[in-house]
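For reference, the structure is listed below as structure tokens.
The values are calculated or read from the model by the stated rules, or taken from the named source; none is laboratory data. Here the structure is a predicted model, which is why all the values come from computation and not from measurement. Neighbour counts are summed over all protein chains in view; Cβ atoms, including those assigned to glycine, are modelled from backbone coordinates with ideal geometry. When the accessible area is computed, the model is the full protein with side chains, heavy atoms only, and any ligands, DNA or RNA have been set aside. Shrake-Rupley method; radii C 1.70, N 1.55, O 1.52, S 1.80 Å.
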Amino acid sequence: MTKTAAACGIPWRLEDFGCAVLPLPGDDSIAAVARSQVKGLLPTLGLAVQDVHDLAIMVSELATNVLQHATSGDGSPGAELWVYQRSDERGRDELVIKAFDTLRHWRRRREAPGDMHEHGRGLEIIRILADGRWGHHPSRSRLSSPAVRGKATWFALPVTRTVHARRHARKVEEPHAMRTLERLLVQRGVDRFQRRDELGVSVLTGPGDLTVWCETATFRWCARSGETGKLPVSDITEVCEQVVRLYEALDDRG
């Protein structure tokens, strides 16, 4: 289930469990649109970051990088901006901002003399301002139906909530958490999983020995590569992102 944000006065699509999604223009307005929309979104969600100026720079560089190295630049659609909260390794809240594009790998661009946005410079600025909390990974779109394959480039910053803000629009009760995750995955076109319940534990099994467990209000997962992870059920948006990433990586390896 999703809902528009028109009632909040913003052009975002607000998904259940805390993810806001915005289509990005495929032209030179992309950075200004992304910057202004993120700055306007955070107060609406009751969130605040320590340095709004740094946030604006990072969002601008993220969007510019997508335009210059991952889109045609001819105004064609495809890029999306995603904003949601998750827990960091110490259980503290952080804001995640991701730019999705439909190219799996970076497109090299012929630079003009004096161009200040050569490949990688914008991402280096993000790396520094985010204190290393950035990256990119294979993913699938949220706005396209069916979902389109591509990649997501992201950074994360510590976030605080106002007294009236809630972590998520609604909590996921443990008995329904795995079914909810399965539904979210299907919406992204990740549907080669089988679910079973056994002795109070819900399990999703998929290709490449990709397995997800849910018990005691916690999701755990592992893949054939040996990668493992664990997050509380309240971070179901991030859990879904990690499973999509692992699923897409398996497809890339054939």
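Taking a point 7 Å from the Cα of Thr44 along the Cα-to-Cβ direction, the residues of segment 128-148 with backbone N closer than 18 Å to it are 142-143.
Per-residue extension of 0.36 nm, minus the Cα-Cα distance of Arg183 and Thr160, leaves a gain of 5.3 nm for this segment.
Please work out the FRET efficiency for the pair Ser36 and Ala217, using the Cβ-Cβ distance as r and a Förster radius of 51 Å; give the result to the nearest 0.05. Working shown, then result.
Working: r = 37 Å, r/R0 = 0.73.
So the FRET efficiency works out to roughly 0.85.
Rounded to the nearest whole Hz, the Karplus-based 3J(HN,Hα) values (6.51 cos²θ - 1.76 cosθ + 1.60, θ = phi - 60°) of segment 189-198 follow the sequence x, 9, 10, 9, 10, 10, 10, 8, 10, 8, with x at glycine and proline.
Length gained on full extension, Asp191 to Val203: 2.9 nm, using 0.36 nm per residue less the C-alpha separation.
Report the gain in length on full extension from Ile57 to Leu103: 0.36 nm times residue separation, minus Cα-Cα distance, nm rounded to one decimal.
On the way: separation 46, 0.36 × 46 = 16.56 nm, distance 2.34 nm.
Net length gain for the segment: 14.2 nm.
Largest to smallest in accessible area, the residues Lys230, Lys39 fall in the order Lys230, Lys39 (1.4 Å probe, all protein chains included).
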